[in-house]
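What follows is a single structure, written as structure tokens, with notes after it.
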Amino acid sequence: MIGFLIRMLELFGVVFLRFRPVPRLWCVWLVGVNLACLYFITHIEAQVVLAVTVIAVAGQTLIYQRIGFTRILGSTHVLWLPMFAWMATRIDTIMDEPAYAGWLVLLFATNMVSIVVDTIDAARFLRGERAPHYRWKLVV
């Protein structure tokens, strides 16, 4: 368990400290928009966003433990697709609160851009770009 948590921290360290400036800013935005679910946590949709985020990060950490920081890490974001499909069935309830609906629209737009990037990365991985492209080395 400790090893898993260390790898998770390494993964966040790579994203927030090792990425180039533009990808780093994008990841800060993506994480921020998703974590805004905490502001709306009394709503079931926000609770689902939090649960899906935790599951996705756990999946990314497992992938990172096995093969490093590769282009396939974003594949865990596929969990967003059924989440948004389910939310679409609840659109009448969601639209009752403008600020909440606005966040969900922003979340959807942000995550769909990420899905496009993730799809491109997954295709590159499947075409042979499998080497880890970022590393985290702890200084001893």
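The values are calculated or read from the model by the stated rules, or taken from the named source; none is laboratory data. Quick caveat, the model's predicted, so the values are computed rather than measured. Note that we place each Cβ from the backbone using ideal geometry, even for glycine, and neighbour counts take in every protein chain shown.
One residue alone among Met83, Met87 is of a type in the set (A, V, I, L, M, F, W, C), touching an Asp or Glu at 6+ places or on another chain (Cβ under 7 Å) and at pLDDT 95 or above, and that residue is Met87.
Please specify each residue of the range 97-124 satisfying the condition of being of a type in the set (D, E, K, R) and more than 15 Å from Ala46 (Cα to Cα).
Step one: of the range 97-124, the residues of a type in the set (D, E, K, R) are 97, 118, 121, 124.
Across the range 97-124, the qualifying residues are Asp118, Asp121, Arg124.
With a cut-off of at least 3 residues that are surrounded by 16 or more Cβ atoms within 10 Å (Cβ to Cβ) and in contact (Cβ under 8 Å) with a residue 24 or more places away in the chain, name the helices (runs of 4 or more DSSP H) lying wholly within the range 25-140.
44-67, 80-88, 98-126
Against the numbered list (1) surrounded by 13 or more Cβ atoms within 10 Å (Cβ to Cβ); (2) farther than 23 Å from Arg127 by Cβ; (3) at pLDDT 95 or above, Arg18 comes up short only at (3).
Scanning the range 1-12 for residues that are without any contact (Cβ under 8 Å) to a residue 24 or more places away in the chain and either surrounded by 13 or more Cβ atoms within 10 Å (Cβ to Cβ) or assigned to a helix (DSSP H, G or I) (or both) gives Ile2, Leu5, Ile6, Leu9, Phe12.
Right, Val15: touching a Lys or Arg at 6+ places or on another chain (Cβ under 8 Å), free of Cβ contacts under 8 Å to residues at least 24 places away in the same chain and of a type in the set (A, V, I, L, M) or not? Against the criterion (touching a Lys or Arg at 6+ places or on another chain (Cβ under 8 Å), free of Cβ contacts under 8 Å to residues at least 24 places away in the same chain and of a type in the set (A, V, I, L, M)), Val15 qualifies. Just one of (1) under 18 Å from Pro132 (Cα atoms); (2) within 13 Å of the chain's Cα centre (by Cα) fails for Val49. It is (1).
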